[in-house]
Structures are given as C-alpha cells and as structure tokens.
Amino acid sequence: MTTPVCTSASNATVFPSFSSYVRARRPVLLRASRSLTANPNDAEDLLQTALTKTFVAWERIEDHRALDGYVRRALMNTRTSQWRKRKVEEFVCDELPEPDPTPAPDPAELQGLRDAMWRAVMRLPPRQRAMVVLRYYEDLSEAQTAEVMEVSVGTVKSAVSRALAKLRADPELALSA
C-alpha cells in the first residue's frame, strides 16, 4: 500500500461540485491571491481568473482532494503571465528629454535694458516716437494708430519702419544686447 505524500490532502474533503468548492475555500484562496499582489481588487481579479481556469478543467482533475494546489498553481501561473505582459511605460536613457531650465534673467539687467530702450525711444523725432509708443507700448493696431495720429495707415507703417531701423542702429542698444 502506498502512503500519501501530502497527509493534509488525504484528510481533505472531496467536493461534489465546483460551486460548493468555491463557497468553502474562497476565503483561503483569496488570502493566497492577496499574497501575490498588493491591490485587493487585483487579488480578487486574479482569484476569479484562476477559478475560471479551474472550472474549465474541473472534469479533468482526478483528485479533488488536491484542488487547493491546483488553484494555487493557477494563481501563480496567471500572476506570472500578467507580470510578463505588463507594459513598460518608462525607458532608461542617457539624456533627459527635458531641456535644461534657462536661468531667470537678472531683474537689474532687465531694468537697465528697459531704461536704455526708453532713452533710445526718446531720441527719436517726436512723430516717430509717438507712433512707436502707440504701436508697441500702448499696443494699438496700425489702423488705430493712424486714427489717433490723424494720418494714413501707410504713413504709420513707413514712420514706424524708419523708427525701428534707427532703434536697431542705436549704439547704446547694441551694447546692451
């Protein structure tokens, strides 16, 4: 006569149906499933998948005293399959995809640039100065500037163009850049 290898299996209850097995052993199997995954919801899903596999194989399982081992193996295999199929969303790379942050400009330098720009604007002829101030400091359109200055839009365009050329050529602004 052969001696059973697993003594607890020989004393185990033989379950007549799958539903009676699940009702009786679900808490124990759920604890085993929770030991395989940290999330309780994932553990329940894992157990459900393993029980589905067990149900499909119910008629082929010869020794119903070893059902717990069968379900635990199904849990392990299912969890391993899930782990292998997981999507990797982060990749290791040598260079960071984000550009290096540019240092904030020094407020004193910005103020110095603003002052130099204003001094250059003040050196423009009065009419060009007025058009530049209306267009760029007051943010008016060419038509609005022409209406305020009581000139044509073409006059505003040409006067502003000449004023910007003088500002680009200003030696004080060339040193600031």
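Under the condition of being open to solvent by 80 Å² or more (accessible area, probe 1.4 Å) and assigned to a helix (DSSP H, G or I), which residue from region 29-43 is nearest to LEU67 (Cα to Cα)?
We begin by selecting, within region 29-43, every residue open to solvent by 80 Å² or more (accessible area, probe 1.4 Å); these are 31, 34-35, 38, 41.
After this cut, where a residue has to be assigned to a helix (DSSP H, G or I) as well, the list is 31, 34, 41.
Details: ARG31: 16, ARG34: 18, ASN41: 23 Å.
Among those that are open to solvent by 80 Å² or more (accessible area, probe 1.4 Å) and assigned to a helix (DSSP H, G or I), it is ARG31.
Test ARG65 against the stated conditions and say whether it is part of a helix (DSSP H, G or I), more than 36 Å from the chain's Cα centre (by Cα) and in contact (Cβ under 8 Å) with a residue 40 or more places away in the chain. Don't jump to the end; show me each part of the working.
Values: part of a helix (DSSP H, G or I): yes; more than 36 Å from the chain's Cα centre (by Cα): yes; in contact (Cβ under 8 Å) with a residue 40 or more places away in the chain: yes.
Answer is yes for this residue.
Take the residues in region 46-70 that are surrounded by 13 or more Cβ atoms within 10 Å (Cβ to Cβ) and basic (Lys, Arg), then tell me which one is nearest to SER17 (Cα to Cα).
ARG65
Since LEU110 meets every condition but one in (1) loosely packed, with under 12 Cβ neighbours inside 10 Å; (2) of a type in the set (A, V, I, L, M, F, W, C); (3) in contact with a helix residue (DSSP H, G or I) (Cβ under 6 Å, 6 or more places away or on another chain), which condition does it not meet?
The single condition LEU110 does not satisfy is (3).
If you take the residues of region 32-62 that are among the basic types (Lys, Arg) and over 34 Å from the mean Cα position of the chain (by Cα), which of them is modelled with the lowest pLDDT?
Filtering first and then ranking leaves ARG60.
Of the residues ARG79, ARG84, ARG73, which single one is open to solvent by 100 Å² or more (accessible area, probe 1.4 Å) and in contact with a helix residue (DSSP H, G or I) (Cβ under 9 Å, 6 or more places away or on another chain)? I'd like the intermediate steps shown before the answer.
Working: ARG79 fails: open to solvent by 100 Å² or more (accessible area, probe 1.4 Å); ARG84 fails: in contact with a helix residue (DSSP H, G or I) (Cβ under 9 Å, 6 or more places away or on another chain).
The unique qualifying residue is ARG73.
The values are calculated or read from the model by the stated rules, or taken from the named source; none is laboratory data. Given the structure is predicted, the values throughout are model-derived calculations rather than measurements. Backbone-built Cβ (ideal geometry, glycine too); neighbour counts: all protein chains shown. Just the protein is used for accessible areas: all its heavy atoms, side chains included, with ligands, DNA and RNA removed. Shrake-Rupley method; radii C 1.70, N 1.55, O 1.52, S 1.80 Å.
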